[in-house]
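Structure first, then comments.
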Amino acid sequence: MNFTFRQLKAFEAVARHLSYTRASEELHLTQPAVSMQIKQLEEHVGLPLFEQIGKRIHLTDAGRELYHYSCAIAAQLAEVEMVLDEMKGLRRGHLTIAAASTANYFVPRLIAAFCKRHQGVSVTLEVTNREELLNLLAINAMDLAIMGQPPTSEPIAHPFMDNPLVIIAPPDHPLAGERNIPLSQLSGECFVMREKGSGTRGAAERFFAEHGVALRAAQQMHSSEAIKQAVEAGMGLGVLSMHTLEMELLLNRLVVLDVEGFPIRRHWYVVYPRGKRFSQVGQAFLDFTLQEAPHVLRAPPLTTGRDTSPALETPT
Ligand code: PGA
C-alpha cells in the first residue's frame, strides 16, 4: 500500500469527528481537499472506509480497522517528533494545547507569555468543548489540555486558577442591583445556555439540580460570545465564567446578579493522560502554567455577585 501520512491524518480526523466539515476545520483545509485525501486513500486501500446513511457518515469495517492503526501511527509520529524536539532542546520545540471553548478567553495570553520566554517554540491551539476534549485526551492527541472539569478517572489534573461561574443579565433587568436574590426566584426566568457537552452548562445544570431548582433553558447557543449577545438583547439570563466577561462588565453592557449560592466556585485545570511522556517544551509549559498562570492572567473582580458563597462544585 502506498498511501501518505497526509491521507492518514485526514482519515484519522474525519473518523474521529465523523464529519468532513469538522475535520477540515481542524486541519485548516478545505472540505474538497479532505474528501480528495480520503478518496485517494480508499483507492490505495481498495475498500470503502466510510459509508453515508442519510445525512450521517459511518466507518465501514475496513474504516474501523484502519482507524485503530491510524491512532497508533499518529501517537508514534508524535513521539518521534518529541524525541527530535528534545534533541533540539527548548529552542525549537512544538506544543499542541487543547482548550475548552471558555478557556479561549485566556489561554492565548498564557501561550503568548510562554513564547516570549521561549522564543522559537511554535504552538498549535485546538479550542473545543469539554466533551470533545475528553475524546482528544482518550487518544493522547495533545501535549496538554486546559479545562474546567477534568474527568475523575484516568488523566492527571492540576488546578491552577479559579474559574467562578456567575449569572449575567442586561443592566435593565428587574433583578439587576437586587441583593441576595433567592435561588428559587430564578425558577420563572428563561436561561440562554451553552450547548450539550459544554463544561459550563454541565456545572450549571448540576448546581440547579442539587438545589432543587428547575432551570428553564429556553435557548441554546454554541459559544459564550453568542450567549453574551443574547443576554444583552434581553433573551434571558446566562451562566458564564467570569473569564469571559471582562469587557462587557467594564462597559456596563451586562451585570452579574447577586444570587444565593453564586458564584459557583470552580477551577481551571491543566490535564494530561496518566503515563504521558512529556517533551521538554511540554514539561516547560506545564511548569509555566502551574507557576505563572495566576500572575499572568487575572479574572476581572466580582463586582456584584456574592463572593462569600461556598458553592463548591461536586466532581463527576
Ligand atoms: P466549556 O468548558 O467551554 O465546554 O463550557 C469550560 C468549563 O468546563 O468551565
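The values are calculated or read from the model by the stated rules, or taken from the named source; none is laboratory data. On a predicted model such as this, the values are computed, not experimentally measured, just so you know. We place every Cβ from the backbone using ideal geometry, glycine too, and count neighbours over all the protein chains shown. Only protein heavy atoms, including side chains, enter the accessible area calculation; ligands, DNA and RNA are left aside. Shrake-Rupley method; radii C 1.70, N 1.55, O 1.52, S 1.80 Å.
Give the lysines whose C-alpha is closer than 29 Å to that of Lys9, dropping any in the same chain fewer than 8 places away, or say none. Of all the lysines, those that pass the test against Lys9 - Cα under 29 Å, at least 8 places apart if same chain - are Lys39, Lys55, Lys88, Lys196, Lys276.
Surface composition of the chain: carbon plus sulfur atoms hold 53% of the accessible area, using a 1.4 angstrom probe and ignoring ligands, DNA and RNA.
Considering only alpha-carbon pairs that sit under 8 angstrom and 6 or more positions apart, the relative contact order computed for the chain is 21 percent. Please give the contour-minus-distance gain from Asp61 to Gln31: 0.36 nm per residue of separation, less the Cα-Cα distance, rounded to one decimal in nm. Additional length available on full extension: 8.4 nm.
Listed peptides 282-289, 135-142 appear in the order 282-289, 135-142 once ranked by packing, highest mean of other Cβ atoms within 10 Å at the front. In this structure the amide hydrogen of Glu126, modeled in the peptide plane, comes within under 5 Å of the amide hydrogens of Ile97, Ala98, Ala99, none closer than 5 places in sequence on its chain. In order along segment 249-258, the Karplus-derived 3J(HN,Hα) couplings, from 6.51 cos²θ - 1.76 cosθ + 1.60 at θ = phi - 60°, round to 6, 4, 8, 6, 8, 9, 10, 8, 7, 8 Hz, and Gly and Pro are given as x. Panel note: the C-alpha atoms of the chain, placed on their principal axes, show extents of 69, 50, 34 Å (largest first). Derived scalar couplings between HN and Hα for segment 140-146 equal 6, 8, 8, 6, 9, 10, 10 Hz in order, rounded to whole Hz, by the Karplus curve 6.51 cos²θ - 1.76 cosθ + 1.60 (θ = phi - 60°), x for Gly and Pro. With contributions of -39500 (n - 2.57) from each DSSP H run of at least four residues, the per-residue ellipticity at 222 nm computed over the chain stands at -12500 deg cm²/dmol. Convex hull volume of the Cα atoms of segment 164-265, normalised per residue: 89 Å³.
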